[in-house]
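Encoded as structure tokens, the structure appears first; notes follow it.
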Amino acid sequence: MISTIARLAASAAIALAVVGGAYAKPATKPMTSPVNEATRQEADKLIAATGAPELFLNETRDGAILIRHKASNFQCLFNPGSVNALLVTSGVPKGDEVGCDGPTTGLFQTTYFIRRAHDGDTAEKAFDEALAEVKGRWPDAMRIKVSRDGGQEILSKLAVEAPPSKTAWYLARTEDDWAFTRISTARVGDWMIIMRSAGPVSVQTQAESLSEMLWLTRLMVMTDPSLGPKPVVAEAGQNKR
């Protein structure tokens with residue numbers, strides 16, 4: 001069984017792969033890498049299951065499922081082989097509300113909601129709405145203080161460059177244990193981004209830095225596509241997608 005540390009390292013490597021080299025040298029050559037075909041096919045199935053494949057691009061690489069929502073430029077990141085979901089909300093103009101949901105390294109669940117902003121929408125307003133949902137489920141949820149790990153240079157760099165956002169952490173009592181939930185919100189151009197991470201309190205320490213890295217990299221890739229992976233062009237003799 002892969003150790004917790006190894007799983008965290010692998011997931012962090014995925015996040016860093018999305019922004020690492022290009023973040024440090026945004027003007028240099030684009031990032032390229034072979035694609036694991038089975039993982040790419042898994043991403044294709046997630047896209048097909050939405051019934052609206054025209055809304056998404058499959059940018060899978062380096063063992064991570066990466067699917068970009070074309071309209072918002074948000075890039076969903078999934079761990080292969082997990083119970084993942086790519087969501088398209090009905091009852092609104094197609095593509096105006098989408099979501100990504102799946103486990104992060106098998107430790108905690110992460111969900112992103114991406115929707116077109118309305119007049120007056122702000123990160124603060126979206127945060128209040130998300131918090132109301134948390135309180136509706138756990139009325140006694142308590143806010144806790146979580147500080148960014150100052151020892152991780154990449155987080156400090158990303159925090160400076162990423163769009164402004166609001167984040168808070170809460171603890172809630174479940175039937176027989178304690179659980180944490182993280183709420184993060186941002187307005188990026190014409191789009192609202194809401195992130196919810198939740199899991200048992202026993203993995204909260206691991207979740208703090210990892211969820212922060214994933215949140216900031218999602219915002220960075222959204223605002224500057226040059227930081228993200230490019231779709232791999234099939235070589236001669238291979239099927240193009």
With respect to Arg143, determine if the residue is basic (Lys, Arg), modelled with pLDDT of 95 or more and buried (at least 17 other Cβ atoms within 10 Å of the Cβ). no
Among (1) buried (at least 18 other Cβ atoms within 10 Å of the Cβ); (2) out of contact with any strand residue (DSSP E or B) (no Cβ under 7 Å at 6 or more places or on another chain), there is one condition Gly81 misses while meeting the rest; what is its number? (1)
All positions within region 87-130 that are in contact with an Asp or Glu (Cβ under 9 Å, 6 or more places away or on another chain) and β-branched (Val, Ile, Thr): Val88, Thr89, Thr110, Thr111, Ile114
Looking at region 45-64, which of its residues are surrounded by fewer than 22 Cβ atoms within 10 Å (Cβ to Cβ) and either in a loop (DSSP other than H, G, I, E, B) or among the charged types (D, E, K, R) (or both)? Lys45, Thr50, Gly51, Ala52, Glu54, Asp62, Gly63
Scan region 41-56 and tell me whether some residue there is among the small types (Gly, Ala, Ser) and at pLDDT below 95. no
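Check Asp119, Asp101, Asp128 and return the single one that is assigned to a strand (DSSP E or B), on the phi < 0 side of the Ramachandran plot and free of Cβ contacts under 8 Å to residues at least 24 places away in the same chain.
Numbers: Asp119 fails: assigned to a strand (DSSP E or B); Asp128 fails: assigned to a strand (DSSP E or B).
After ruling out the rest, the residue left standing is Asp101.
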Answer yes if at least one residue in region 168-178 is within 26 Å of Asn73 (Cβ to Cβ), part of a strand (DSSP E or B), over 14 Å from the mean Cα position of the chain (by Cα) and not basic (Lys, Arg), and no otherwise. yes
Among (1) surrounded by 16 or more Cβ atoms within 10 Å (Cβ to Cβ); (2) part of a loop (DSSP other than H, G, I, E, B); (3) within 17 Å of the chain's Cα centre (by Cα), the one test that Pro164 misses: (1)
Tally time: how many residues in region 184-210 are more than 19 Å from Phe78 (Cα to Cα) and either among the charged types (D, E, K, R) or assigned to a strand (DSSP E or B) (or both)? 8
Which pairs turn up if I take residues in region 81-94 that are under 15 Å from Thr60 (Cα atoms) and at pLDDT 95 or above and look for partners that are among the polar types (S, T, N, Q) and assigned to a loop (DSSP other than H, G, I, E, B) with beta carbon separation below 7 Å, at least 6 apart in sequence or on another chain? Leu86/Thr50
Conditions first: (1) touching a Phe, Trp or Tyr at 6+ places or on another chain (Cβ under 9 Å); (2) more than 23 Å from Gly63 (Cα to Cα). Cys100 passes all but one, so which condition is the exception? (2)
Here is a list: Ile144, Ile183. Which entry is touching a helix residue (DSSP H, G or I) at 6+ places or on another chain (Cβ under 6 Å) and among the β-branched types (Val, Ile, Thr)? Ile183
Determine the pairs where a residue that is within 19 Å of Val83 (Cα to Cα), located within region 47-70, has a partner that is of a type in the set (Phe, Trp, Tyr) with Cβ atoms under 6 Å apart, the partner being 6 or more residues away or on another chain. Ile47/Phe56; Ile65/Phe78; Ile67/Phe56
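Kindly establish whether Met213 is outside any helix (DSSP H, G or I), among the hydrophobic types (A, V, I, L, M, F, W, C) and touching a residue at least 40 places away in the same chain (Cβ under 8 Å).
no
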State yes or no: is Val188 modelled with pLDDT under 95 and surrounded by 18 or more Cβ atoms within 10 Å (Cβ to Cβ)? no
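The values are calculated or read from the model by the stated rules, or taken from the named source; none is laboratory data. Worth saying up front: this structure is predicted, and the values here are computed from it rather than measured. Please note: Cβ atoms are built from the backbone with ideal geometry, for glycine as well, and neighbour counts cover all protein chains shown.
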